[in-house]
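Each remark here refers to the structure printed beneath this line.
A short reminder: the numbers here are calculations on the coordinates, not readings from a lab. These figures come from a predicted structure and were not determined experimentally. As a convention, Cβ positions derive from the backbone with ideal geometry for all residues, glycine included, and neighbour counts pool all protein chains shown.
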Protein chains: 4
Amino acid sequence: MTIRFALLGAGRIGQVHARAVTGNPQAQLVAVADVFPKTAKSLIATYGGEVRDIDAIAASDDVDGVLICTPTNTHADLIEKFARAGKAIFCEKPIDLDIGRVRDCLQVVRDCDAKLMVGFNRRFDPHFKALKDTIDAGRIGKVEMINIVSRDPGAPPAQYIKVSGGIFKDMTIHDFDMARFLLGEEVESVSAVASVLVDPKIGELGDYDSANVILTTASGKQCAISNSRRATYGYDQRIEVHGALGMVAAENQREVSIEVATADGYTKPPLFDFFMTRYIAAYAAEISTFISMLTDGTPATPDGQDGLRALAIAEAALMSVRQGRVVQVSEVLG
Amino acid sequence: MTIRFALLGAGRIGQVHARAVTGNPQAQLVAVADVFPKTAKSLIATYGGEVRDIDAIAASDDVDGVLICTPTNTHADLIEKFARAGKAIFCEKPIDLDIGRVRDCLQVVRDCDAKLMVGFNRRFDPHFKALKDTIDAGRIGKVEMINIVSRDPGAPPAQYIKVSGGIFKDMTIHDFDMARFLLGEEVESVSAVASVLVDPKIGELGDYDSANVILTTASGKQCAISNSRRATYGYDQRIEVHGALGMVAAENQREVSIEVATADGYTKPPLFDFFMTRYIAAYAAEISTFISMLTDGTPATPDGQDGLRALAIAEAALMSVRQGRVVQVSEVLG
Amino acid sequence: MTIRFALLGAGRIGQVHARAVTGNPQAQLVAVADVFPKTAKSLIATYGGEVRDIDAIAASDDVDGVLICTPTNTHADLIEKFARAGKAIFCEKPIDLDIGRVRDCLQVVRDCDAKLMVGFNRRFDPHFKALKDTIDAGRIGKVEMINIVSRDPGAPPAQYIKVSGGIFKDMTIHDFDMARFLLGEEVESVSAVASVLVDPKIGELGDYDSANVILTTASGKQCAISNSRRATYGYDQRIEVHGALGMVAAENQREVSIEVATADGYTKPPLFDFFMTRYIAAYAAEISTFISMLTDGTPATPDGQDGLRALAIAEAALMSVRQGRVVQVSEVLG
Amino acid sequence: MTIRFALLGAGRIGQVHARAVTGNPQAQLVAVADVFPKTAKSLIATYGGEVRDIDAIAASDDVDGVLICTPTNTHADLIEKFARAGKAIFCEKPIDLDIGRVRDCLQVVRDCDAKLMVGFNRRFDPHFKALKDTIDAGRIGKVEMINIVSRDPGAPPAQYIKVSGGIFKDMTIHDFDMARFLLGEEVESVSAVASVLVDPKIGELGDYDSANVILTTASGKQCAISNSRRATYGYDQRIEVHGALGMVAAENQREVSIEVATADGYTKPPLFDFFMTRYIAAYAAEISTFISMLTDGTPATPDGQDGLRALAIAEAALMSVRQGRVVQVSEVLG
């Protein structure tokens, strides 16, 4: 059985998913929509499919599912539209920057009995998935503490920062999802510290570029997250999970594993340059899982609730920074 | 431009190439031949194309190139047949176990002005290619010594050993090619030691399962190769190149890069289990290079001469073991 | 010039310093005092010197300096006594668990113009010192974020926990000192989270065994510290410093650097089992620095103020946990 | 019980042993002899003891053992002299460059029933010792192949090369001893290849600076050794042992374990600069073992026979290079 996809948004992340779809023997890229027709045309030149507008896709009989890769402020509307059109939906995170809007949107998804998967790609990274498998196999015992280091190679441009929702909703949200994925228990409270160390313009826009966050669960498990918008050495993505019987850690990844030794020392190349290269396998596995979910009827994971929870933690983190205190996630979620 | 391929031989290595071809946007798998029609049918079920016999493929207008993945003893005949049929040829190593037969075959290739690429896949591995790039960039200075460790996870079955041509022509031949690739100078003499440590049955068949070989060039550069037919920890594939200004080494590869720490220590998973998984990227790049060579008109590399040279070193290594002396490659090649 | 030492306290940490002193060609162990004469005798049997009581040591002409390795509640009294006796003083951390008592004590040190070095041994670890040197050499640019992971192999006995002052004053205090050492700027505010995950008895005593702390400086630099009282894999001591131009990290240490590869994977031995083995070189360098300071007249580092500052951060961390808010160090120090 | 030592030869290696002796609580450095009194005086200024001449030492009642650290051509005479004087003898390798002379010398040792330990320090390195322990514990099964990489940071001066006996007797001899130590079976045959790649002056003196050697035992076990007189990245000392059930490897050592990550990659410092720093712990353990052997009456290991065997392999390696054939050790030993 082949799943026929339409791609909404042919930008950077849209291309990542187009590659994942066309590389999957069970998937077909049927249609591509973008507000800039040139961008859509350029994408189909490489990956096939035809250019259609959003309404045409919603009305298409030859489309089983859509991949929403448009700007964040359009996500909720598109999810609702395609839920009503009876399509399976994969949506890039976040669903929306506003908790209330997310809730309304998820209500529509439920009402339409639509399938919605939210794009937390890191759960599908083979290395991070191996962390989860190791925990589930009991090798490190009961999870106690998680340490996540997540640093982007460089800060995004100001215009992106403006609409991003801030570092916690844009960047740390992935770490919040990984924390939930690995802790095996809901996050209850959040302590966050943030500052502007990389680029003063980010501060002028009311955002931060450097942050540390501590999450706590009801039983006292802790997860520490360290973020920076700059790492000269590449896309720094590490997770370690410490338990009663041991620890498991996922190392950073690089394109080639060579080491050059000279009088200056032993040098390995910098890390992957960003998520498009670092998470190729994760994006492929994500689409593959989405397809399985459609063909096998298994429930979507991560789903809309996962999107909502991660967003609520992000909201709580921002409150924590601003108010200088521990914030309960329940203060945000009600 | 799309290159249309026919695959000859749908066994293990045939499947590896079928995957590489179908994953390449510039290639198409048109036809598959195998002495067992069931095997061919099984392959097209996954990768597409249609089953044809060898003669039909030779006569097909819709086939630009063939991938010879049949048993070794058919390679030379098939190369000649398809050279005469005007097809581009990719042939798995070795061309033949007999130097004379290889020479005759290459003469036919030259007479027909055919394109022939020989399947030394490791040259295309991104990690080993990075070694070559590092050398060419001058970072380690003039190459002086190379150390190759190459160990299979387990010994092949007796029936394979019987027709394999022995460890040097079957297994070490890849290392000989890498040595030539990286030394930047022809190998002149060979000292080899071999014994049976893994499986006495291998010895009963007149072969060895454990070997060390030292290659030397005219200027005195040396390459040491260490082989075993068994490594409990996976497919052990390491190369380091030592030069006047430094060293560059390619590390072993594993599927996931996690480390589990317990009271027993810090443990990383075993290595990739064999060449089909370890060299996925290499096989993809190999086919991609073959396609470039066909579309751009660049000469094939590695070509028939590379196949001949590696085979001659293998022959010299066997003579060295049997006669307990350094053997010149010229004794074999004349 | 040889410095003649008296050792006060012949327990575990006293033995560590006895070894450092007797291994130093510029030092001599003259006298040892302990409330248990047997313990003192046992120590001199291995390291030399003679048993004397505290008063005799204070009155001894042949003692240049004392090493205070007695229980914490005696530190301040002994510092004052030996400051008045005109001896150079090396005191294990902390000076006292009470900030006011520390201040009074340091006033006596100043009044007597005594030399006082406080035992933050990690500053002298060659690996951590290399971090500092790398920062000072400008290789990673302006320091932005520090991540410290510091886990003990196992929790101390209940009777030790009772008098320890709690995890922040007993264990994290070393990390607080390293943060100050490496940040190059005073810590202003503290956010801490702590829980009891390892041993409920620790909780019954009002203490914690698992904690994460975020320190912030005036310019927004951040330091995240992760602590646990249990690590099955050994004494986990890692620091990484992230700056505008790069990062520098100090790896964990183990007794032997071997790796065993089997079908179960690649395994390195567990880490050093605790501070007595992990920090042998640090303790030797610490004593050597103390000696230099006495012979060259250089000021003591780390000194009493360093001890006071680290203690104040510990106090602030405890307040932060209890009050669920960011605490300014100035709230503690006034 | 304290063993009282006299040191013969106060040069570079003599200083290494002086440090090991004075750092050992069971040893005392009583006397030092050197043909240059200045050198001897300089050594005692740091390490204590008094300057005496060789004859005085032989006649001294307060000397239990001697450490022979003089030039190689004096070793055999000194061993005989002190064997007759009834002293325990530790002698740096090699005993002599001539097999016959070694044999005569060992006969004197036997006749005098003297204790003689030969300075193959690497057996005492904690990392290499851990290799041996791992093998003995059965963790890698029956040993099959050993790979030794041993590279000096730089070539010695011409005047040293002249009297060194050549690369095999001077440098590789350590690797031959390690091979014997770890193979658990005597080396039977030797295949060696050598060339001059580092410094033509070494070639003009009839020596080599780059070599690969393959050793074989009766049962077919193999050991491959790779040597170079130059490694820009430090003192490269690696051993890996491959067995039926797995592999164990000892990694290179460096002074500090830090890693700096920048846009240029991840860089660790170069290795230890040479044997004086790399093998500090080995030299200390070697002397400690020598002392145990004297106090406990355990037999010396490695002893004169070990010295003789390693020398014979070196001789066979040189024959192999010159004659271009496999050489049996029995051809040398008779």
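Going from the alpha-carbon gyration tensor of chain C, what semi-axes, largest first and in whole Å, does one get by taking the root of 5 times each eigenvalue? Spell out each step's value before the answer.
On the way: eigenvalues 194, 116, 91 Å².
The three semi-axes for chain C are 31, 24, 21 Å.
Could you give the Stokes-Einstein D for the protein assembly as shown in µm² per second, using the C-alpha Kirkwood radius, 37 °C, 0.692 mPa s?
On the way: Rh = 34.8 Å.
So the translational diffusion coefficient is about 94 µm²/s.
Let me know the shape class of the stretch B:273-329, please: from the alpha-carbon gyration tensor, a ≥ b ≥ c as square roots of the eigenvalues, rounded when a/c is under 1.5, otherwise prolate if a/b is greater than b/c, or oblate.
Values: a/c = 6.27, a/b = 1.76, b/c = 3.57.
Because a/c hits 1.5 or more and a/b fails to exceed b/c, the stretch B:273-329 counts as oblate.
Between copies, how close do the B:F36 label points come, placed 7 Å along Cα→Cβ, listed in nm from shortest?
Here the equivalent label points are 5.3, 7.5, 7.6 nm apart from this one.
Tell me the label-point distance for the pair A:K38, D:A218, using the 7 Å Cα-to-Cβ offset, in nm and rounded to one decimal.
Modelled inter-label distance: 8.2 nm.
FRET efficiency for A:R110 and A:F274, Cβ-Cβ distance as r, R0 = 41 Å, nearest 0.05? It would help to have the intermediate numbers written out before the result.
Values: r = 35 Å, r/R0 = 0.85.
Efficiency computed from Cβ-Cβ geometry: 0.70.
To make sure I understand the rule: partners must be lysines, Cα under 24 Å from the Cα of C:K41, and not fewer than 8 residues away in the same chain. Which ones qualify?
Excluding near neighbours in sequence, the set is C:K81, C:K87.
Two decimals is fine: what is log10 I(q)/I(0) at q = 0.23, 0.30 Å⁻¹ for the stretch A:1-42, from a Debye sum with one equal scatterer on every Cα and no solvent?
One equal scatterer on each Cα of the stretch A:1-42 leads to -0.70, -1.03.
Give me the dipole magnitude in Debye, nearest 20, for chain D about the Cα centre, with unit charges on the beta carbon: positive for Lys and Arg, negative for Asp and Glu.
Values: 35 positive and 43 negative charges, 59 e Å.
That gives a dipole near 280 debye.
Taking only the Cα atoms of the stretch B:145-218, how large is their convex hull per residue, in Å³? Walk me through the numbers before you get to the answer.
Working: hull volume 6.7 nm³, N = 74.
Per-residue hull volume (Cα only) is 91 Å³.
Please give me the summed charge of the neighbours of C:F274: other residues whose Cβ is under 10 Å from its Cβ, Lys and Arg +1, Asp and Glu -1. Present the calculation step by step, with values, prior to reporting the outcome.
Numbers: positive: C:R12, C:R278; negative: C:D152, C:D273.
With Lys, Arg at +1 and Asp, Glu at -1, the neighbours total 0.
With axes computed from alpha carbons, what is the tilt in degrees of helix C:72-84 against the longest principal axis of chain C, rounded to the nearest 10 within 0 to 90?
Between the helix axis and the principal axis of chain C, the angle is about 50 degrees.
Give me the lysines in straight-line cross-link reach of A:K268: C-alpha distance below 17 Å, same-chain residues under 8 apart excluded.
Excluding near neighbours in sequence, the set is B:K129, B:K132, D:K268.
Taking only DSSP H segments of four or more residues, each worth -39500 (n - 2.57), what value at 222 nm results for chain B once the sum is divided by all its residues, to the nearest 500 deg cm²/dmol? Present the calculation step by step, with values, prior to reporting the outcome.
On the way: 13 runs with 131 residues, N = 334.
Estimated from H runs of four or more residues: -11500 deg cm²/dmol.
Give the nm distances, rounded to one decimal, from D:P299 to the matching residue in every other copy, measuring between label points 7 Å along Cα toward the beta carbon; shortest first.
In nanometres, ordered from closest: 6.4, 6.4, 7.2.
By counting other Cβ atoms within 10 Å of each Cβ, how are D:I291, D:I13, B:I287 ranked from fewest to most?
Numbers: D:I291 23, D:I13 19, B:I287 28.
In increasing order of surrounding Cβ atoms, one gets D:I13, D:I291, B:I287.
How large is ³J(HN,Hα) for each residue in the stretch A:122-136, as worked out from phi by the Karplus curve 6.51 cos²θ - 1.76 cosθ + 1.60 (θ = phi - 60°), to whole Hz, x for Gly and Pro?
Those phi angles translate into 5, 4, 9, 4, x, 6, 6, 4, 5, 4, 4, 4, 5, 4, 4 Hz.
Given the rotation that superposes chain D on chain C, what residue of D brings its beta carbon nearest the axis, and what is the distance in Å?
Looking at chain D's Cβ atoms against the axis toward C, the nearest is D:G23, 3.
Taking the number of other C-beta atoms within 10 Å as the exposure measure, put B:L333, C:L311 in order starting with the fewest. Before the final figure, lay out each step's value.
On the way: B:L333 15, C:L311 27.
Lowest to highest Cβ neighbour count: B:L333, C:L311.
Would you please classify the overall shape of the stretch D:122-270 from the alpha carbon gyration tensor, given that a ≥ b ≥ c denote the square roots of the eigenvalues, rounded means a/c under 1.5, and beyond that prolate means a/b larger than b/c while oblate covers the rest? Write out the running numbers ahead of the final one.
Working: a/c = 2.19, a/b = 1.11, b/c = 1.97.
It comes out oblate by the Cα gyration axes.
Distance from the Cα centre of the stretch D:140-180 to that of the stretch D:20-89, in angstrom?
Their Cα centres are 27 Å away from one another.
Copy-to-copy spacing for D:Q159, label 7 Å out on the Cα-to-C-beta vector, in nm, shortest first?
6.6, 7.1, 7.4
If you average over every viewing direction, what projected area does the convex hull of the Cα atoms of the stretch B:175-334 give, in nm²?
13.5 nm²
Exposure proxy check: B:H75, B:H174 ranked by fewest other beta carbons within 10 Å? Before the final figure, lay out each step's value.
Working: B:H75 27, B:H174 22.
Sorted ascending by nearby Cβ count, the order is B:H174, B:H75.
Which lysines, on any chain, are close to B:K169 with Cα under 21 Å apart, when same-chain ones fewer than 8 places away are left out?
B:K93, B:K201
Taking the Cα centre of the protein assembly as shown as origin, sum charge times position over the Cβ atoms of Lys and Arg (+1) and Asp and Glu (-1), and report the length of that vector in debye to the nearest 20.
Values: 140 positive and 172 negative charges, 0 e Å.
Roughly 0 debye for the protein assembly as shown.
Kirkwood Rh over Cα pairs of the stretch C:2-100 into Stokes-Einstein at 10 °C, 1.306 mPa s: D in µm²/s?
Working: Rh = 13.2 Å.
Answer from the Stokes-Einstein relation: 120 µm²/s.
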